[in-house]
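Notes follow the structure.
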Amino acid sequence: MTAELSIVDVGRDFGGQAVLRDVTLKVAAGSYAVLLGPSGCGKTTLLLILGGFLDPTRGRVLIGGRDVTGMAPARRPTTTVFQDYALFPHMSILENVGFGQRMRGLSRRERDAKSLEFLDLVGLAGSERKKPHELSGGQRQRVALARALAVNPDVLLLDEPLGALDLNLRRLMQDELKSIQRRIGTTFVHVTHDQEEAMAIADEIIVMDKGTVMDSGHPDKVYLRPRNQFTAAFMGEANFLNGRMTETGSRVQVETEFGSLELPSEAFIGGDREAEVQLFFRPESIRLGMAPAGALALGDAIVEDSAFLGTHRRCLFRLNDSESTLIKAWFRQGESVSAGQSLPIWIGIDSILCY
Amino acid sequence: MSGGAWTRERILALGFVLPALAWTLVFFVAPFGFMVAMSLWRRAGAELVRDWSLVNYLGFLARPHFVEGLLNSIEIAAIVTAASVALAYPLAWFIAARVPAGWQRIALALAIVPFWTSYVVRSYAWTLVLSNKGVVNEWLTSAGLISEPLQLSSTRFATVTGFVHFFVMLSTLTIFANLKQLSPNYARAAADLGAGGFQTFRLVVLPLTLPGIMVGGFLSFALCLGDYITPQILGGNNELVLPQIIMLQLGRRADFPMASALSIILMLTVTLAYLACARWLKLERA
Amino acid sequence: MTSRRLGNWLGLAYALTVFAFIFLPVAVLVLYSFQGGRLPVPPFDGPSLKWYGQIFADRKLMSALANSLGVAAISSAVACVLGFLAALGLARQRIPGAALMRSVIIAPLTVSYLIIGLGLLASLNASGFRPSLLSVGIGHAVINTPLCFAIIYSQTGAHQINFERAARDLGATELRVLWHVSAPVLAPAILASYFLSVTFSWDEFIIAFLLSRFEVTLPVEIWSLLRSGLNPKTNAIGSIVFLSSVLLVFALELLVFRKRGNP
């Protein structure tokens with residue numbers, strides 16, 4: 001049971017203010033999509049609209065090509081895993097998971113068999129007689145998942161499902177969610193504000209801010225070639241430098257305070273090229289030592305801070321002649337960089353994007 | 001925090017609790033104990049005879065109109081409780097689910113405005129409304145529905161109306177509070193899984209608001225059983241409830257032992273109702 | 001969704017009907033306090049203020065009003081101080097027997113006013129004291145202390161202990177801790193419990209009826225007015241009680257709760 005989801009020009013106003021504007025996107029059948037954005041970006045509103053709990057002010061929602069706009073939640077081929085799980089506290093786990101089947105008129109024996117099957121799928125076989133309050137947070141999460149999947153939805157909606165779990169459990173559940181999704185093939189739409197979680201599970205990430213879609217695509221595309229500065233900064237640590245562009249024929253030259261460099265046309269994202277640009281590069285693309293020809297040399301920089309973070313070493317550099325610009329850089333664990341040193345740093349041309 | 005050592009902090013804390021404790025012991029526990037003792041004494045003529053016996057309790061059982069008073073009390077309290085909860089639930093639900101969030105406090109404040117009239121005055125106001133020449137009879141007559149005024153005041157109907165008026169407000173508050181603390185996702189989840197409006201209510205919302213219903217219901221029942229004013233003002237003297245009988249023992253005959261025994265019977269009834277509610281809620285939670 | 005819309009209209013109609021039921025006696029009470037004739041029943045032949053004039057000229061009624069205010073103000077202050085101190089004491093430390101002390105302090109809430117009044121009256125008679133406004137005040141403080149305690153206690157918590165420890169740590173004496181930290185932190189709860197006690201005491205009938213003799217409180221005086229049957233004068237005094245209570249609640253809402261957000 002799976003279907004393609006498409007959202008066409010959807011908007012929603014609350015008290016005269018637009019919290020969603022002209023959202024248009026498509027999620028392929030059987031893929032795992034993540035709606036990612038800061039709180040208040042409209043991602044939860046969009047999820048409520050997809051689930052049928054909220055009507056859009058404008059636009060249409062189609063599932064498997066069928067217009068479901070305005071259709072009651074009960075009749076849509078979607079189910080939702082709620083942020084607080086919303087497990088019915090007065091019912092056993094088995095009754096919770098079987099609730100959807102019960103509403104569809106299945107006999108107790110049929111629905112119990114089906115519920116046990118889904119409890120097994122989420123790794124909770126043996127807990128069916130318990131009540132929700134007897135389970136841990138991670139287990140409740142699994143019950144909510146089983147309950148939503150037990151009615152064979154085409155699209156499963158998950159509202160910050162891992163938000164209440166601690167870090168280790170969250171990692172574990174990420175892997176499980178992904179593997180369950182692969183096994184059953186249902187289209188998953190998952191809302192989160194955690195970009196690491198998004199990258200860990202998504203086939204497609206949809207980045208949202210202020211009610212609009214800022215970027216979308218496969219995680220490596222969104223991380224490595226973000227469509228705009230917002231996405232660049234939201235997906236991970238980012239460095240920005242001011243630059244000035246001069247175009248002569250097919251060659252594009254960018255002037256920075258550290259000298260000028262020639263950038264390939266792929267470095268320019270977005271259509272209109274303006275004279276004032278922002279150079280963007282990730283901290284892991286900074287290199288130590290003398291710059292090879294064609295690279296952007298940032299000169300000798302003073303190490304303000306250097307911290308060992310386990311997987312890598314994170315340093316802050318103050319650039320020469322600059323009071324305010326701090327450059328964030330990540331190095332391998334073994335690299336010995338300590339505060340107070342003055343070291344030359346550079347960036348390869350292919351790691352730089354221009355906005 | 002460990003152990004039972006009397007640290008300075010603890011002694012100080014105890015010092016803070018003592019005044020209230022002493023006050024309650026002197027002016028509540030001791031008088032109450034005295035009343036219990038009194039219920040086991042008896043009155044002979046104008047004298048109090050301090051020999052211990054169950055004569056008052058046996059006397060209660062021997063006098064049909066006393067037992068009837070208790071039964072009247074229980075019957076009226078049960079009717080009032082059921083009617084109040086039944087009337088309050090839809091109102092509480094409407095305010096919690098359909099009134100915009102910013103207006104809910106105001107709607108609730110309006111629902112309990114009459115609470116701020118004096119209790120005595122409120123019962124009096126119902127005698128105005130229900131009297132033979134009162135507005136209800138006036139409306140019914142002018143609408144041509146009746147030719148003779150109905151006897152509404154000084155009836156059980158009047159007593160029940162007066163009580164329900166008060167306890168609808170109270171139950172609305174407890175049920176509203178219960179509804180508000182439910183996550184809206186419960187109803188959403190039920191609808192999402194295919195439940196219709198009525199099924200969602202019956203299978204999810206109602207079971208989850210039973211605590212609010214029980215609290216409102218128990219308070220209504222207990223306060224109703226112990227009340228003297230409403231039946232005295234509105235019920236006439238056609239049928240007496242237990243608190244009226246207690247007051248009669250005091251007034252006409254100054255029979256404190258009997259009044260005490262009747263009070264304790266009243267209290268035991270409330271306690272039984274409480275235990276029933278508590279047991280039931282506990283079972284529900286397990 | 002038309003069924004939902006229909007449901008909304010039915011719900012609204014229902015709510016308005018219940019509101020009408022709730023407001024009917026109050027509306028009738030206030031309207032006929034302006035009655036011109038001698039009976040507060042239809043037809044309405046006012047408006048007239050003569051009944052208000054009469055109650056203000058009625059010295060018994062006015063002194064009952066003053067008695068009620070005095071008893072309410074003083075007994076509530078006693079209840080509030082006792083409740084506040086007990087709440088602090090029980091919130092601060094795990095004193096041995098704390099659960100028992102809490103139950104004792106809360107106990108009067110579980111017993112009907114009639115029984116509390118009866119117990120006090122019996123004890124009063126037995127110990128040779130005469131019923132008076134003082135005994136009414138004691139009775140009211142007995143019923144309101146657990147109320148104040150419960151309200152204030154519900155607002156204390158681990159943070160309360162920490163505030164006080166911090167203050168002591170910084171060198172405050174116990175009295176200063178109480179005055180500068182504990183009381184201000186709990187001020188909304190203290191005020192709320194005080195005003196709630198005042199309204200309860202102000203409105204209380206049965207204890208006041210049992211425990212007073214010559215000087216009585218307002219509800220007892222109104223009770224004796226009722227013996228004269230339906231009377232616009234009772235409407236007038238009832239309306240005044242109602243309006244002053246509503247104003248008090250309204251002022252409290254504005255002054256205390258708005259400032260701090262909803263408690």
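Each reported figure results from applying straightforward, stated rules to the coordinates on display, with no laboratory input. Just so we're clear, the structure is a prediction, and the values are computed from it rather than from any experiment. Note that we place each Cβ from the backbone using ideal geometry, even for glycine, and neighbour counts take in every protein chain shown.
Would you mind pulling out the separation of the Cα centroids of the range A:164-191 and the range B:43-122, in Å?
About 54 Å separates the Cα centre of the range A:164-191 from the one of the range B:43-122.
Please report A:R109, B:R105, A:R140 as a ranked list, fewest other C-beta atoms within 10 angstrom at the top and most at the bottom.
With the sparsest Cβ surroundings first, the list reads A:R109, B:R105, A:R140.
If you count, for every residue in A:95-107, the Cβ atoms of partner chains within 10 Å of its Cβ, what is the mean?
Whole-number average of other-chain Cβ neighbours for A:95-107 is 3.
When the convex hull of the Cα atoms of the range A:138-207 is projected onto a plane and the area is averaged over all directions, what value comes out in nm²?
Mean shadow area of the hull around the Cα atoms is 4.4 nm².
With only alpha-carbon pairs counted, each pair once and no self-pairs, how large is the Kirkwood hydrodynamic radius of the protein assembly as shown in angstroms?
Kirkwood radius, the protein assembly as shown: 33.5 Å.
Can you tell me, using C-alpha contacts under 8 Å and at least 6 residues apart, the relative contact order of chain A as a whole percent?
Result for chain A is 16 percent.
Using a Cα-Cα cut-off of under 14 Å, which aspartates and glutamates could be cross-linked to C:K50, ignoring same-chain neighbours fewer than 8 residues away?
Output for C:K50: C:D58.
Please list, in order, the residues from the range B:128-149 whose amide nitrogen is less than 19 Å from a point placed 7 Å along the Cα→Cβ vector of C:F23.
From the range B:128-149, the list is B:129-130, B:135-136, B:139.
Please list log₁₀ I(q)/I(0) at q = 0.15, 0.22, 0.30, 0.35 Å⁻¹ for the range B:183-223, using the Debye equation with identical point scatterers on the alpha-carbon positions.
-0.43, -0.67, -0.93, -1.09
The range C:148-261: D in µm²/s via Stokes-Einstein (Kirkwood Rh, Cα pairs, 10 °C, 1.306 mPa s)?
91
How high is the relative contact order of chain C, in percent, counting Cα pairs under 8 Å that sit 6 or more residues apart?
31
Using the alpha carbons of chain B, what is the convex hull volume per residue in cubic angstrom, as a whole number?
241
Over all directions, average the projected area of the Cα convex hull of the range A:24-78 and note it in nm².
Convex hull of Cα atoms, orientation-averaged projection: 4.1 nm².
Computed on alpha carbon atoms, what radius of gyration and Dmax characterise the range A:237-354, expressed in Å?
14.7, 47
Quick one: compute the contact order of chain B, relative version, from alpha carbon pairs under 8 angstrom and 6+ residues apart, as a percent.
Relative contact order, chain B: 27 percent.
Over chain C, what portion of Cα pair distances is larger than 30 Å, expressed as a whole percent?
Tail fraction, whole percent: 47.
Normalised radius of gyration for the range A:170-231, please: alpha carbon Rg relative to 2.2 N^0.38 Å, two decimal places.
1.16
May I have the extent of the alpha carbons of the range B:184-286 along their three principal axes, as whole Å values ordered from largest to smallest?
For the range B:184-286, the Cα spread along each principal axis is 67, 31, 18 Å.
Cα-Cα pairs above 18 Å in the range A:80-124: how many percent?
For the range A:80-124, the fraction of Cα-Cα distances above 18 Å is 27 percent.
At q = 0.14, 0.19, 0.21 Å⁻¹, what log₁₀ I(q)/I(0) does the range C:80-164 have when each alpha carbon counts as one equal point scatterer in the Debye sum?
Debye output, listed in q order: -0.57, -0.86, -0.96.
Quick one: the Cα spread of the range A:163-315 along its three principal axes, in angstroms, biggest first?
So the three principal-axis extents are 54, 38, 27 Å.
Against the longest principal axis of chain A, how steep is helix A:108-121, in degrees 0 to 90 to the nearest 10, with axes from Cα atoms?
It works out to around 20 degrees.
Kyte-Doolittle mean at least 1.0 and Cα extent at least 24 Å along the axis: which DSSP H helices of chain B qualify?
B:64-97, B:156-180, B:206-225, B:256-285
How long is chain A along each principal axis, judged by its Cα atoms, biggest number first, in Å?
Result, largest extent first: 76, 45, 36 Å.
Among B:111-122, A:221-232, how do they line up by average Cβ neighbours within 10 Å per residue, starting with the highest?
By packing density, highest mean first, the sequence is B:111-122, A:221-232.
Ranked by Cβ crowding within 10 angstrom, fewest neighbours first, how are C:D203, A:D166, A:D120, B:D255 ordered?
A:D166, A:D120, B:D255, C:D203
Looking at chain C, do any whole DSSP H helices span at least 20 angstrom along their long axis by alpha carbon and average 0.0 or above on Kyte-Doolittle, and which?
Those that pass (Cα extent of 20 Å or more, hydropathy at least 0.0) are C:2-31, C:59-92, C:113-127, C:133-155, C:187-203, C:232-252.
Can you pick out the pairs among A:K178/B:K180; A:K43/A:K221; A:K26/B:K180 whose Cα atoms lie more than 28 Å from each other?
With Cα atoms farther than 28 Å apart: A:K178/B:K180; A:K26/B:K180.
Over all residues in C:97-106, what is the mean tally of Cβ atoms on other chains that come within 10 Å of each residue's Cβ?
Partner-chain Cβ atoms within 10 Å, mean over residues of C:97-106: 3.
Using only Cα atoms, locate the centre of the range A:297-347 and the centre of the range A:127-158, then give the distance between them in Å, rounded to an integer.
Result: 47 Å between the Cα centres.
For the protein assembly as shown, what does the helix formula give at 222 nm: sum of -39500 (n - 2.57) over DSSP H segments with n ≥ 4, over the residue count, nearest 500 deg cm²/dmol?
-17000 deg cm²/dmol
By how many degrees, 0 to 90 and rounded to 10, does the Cα axis of helix A:167-184 deviate from the longest principal axis of chain A?
Tilt relative to chain A: about 60 degrees.
Sort B:E148, A:E110, A:E204 so that the residue with the fewest other Cβ atoms within 10 Å of its own Cβ comes first and the one with the most comes last.
Going from least to most buried by this count: B:E148, A:E110, A:E204.
To two decimal places, what compactness ratio does the range B:1-82 give when its Cα radius of gyration is scaled by 2.2 N^0.38 Å?
Scaled against compact globular proteins, the figure is 1.86.
Go ahead and run the numbers for FRET between A:S136 and A:S265, Cβ-Cβ distance against an R0 of 51 Å, rounding to 0.05.
FRET efficiency, A:S136 to A:S265: 0.45.
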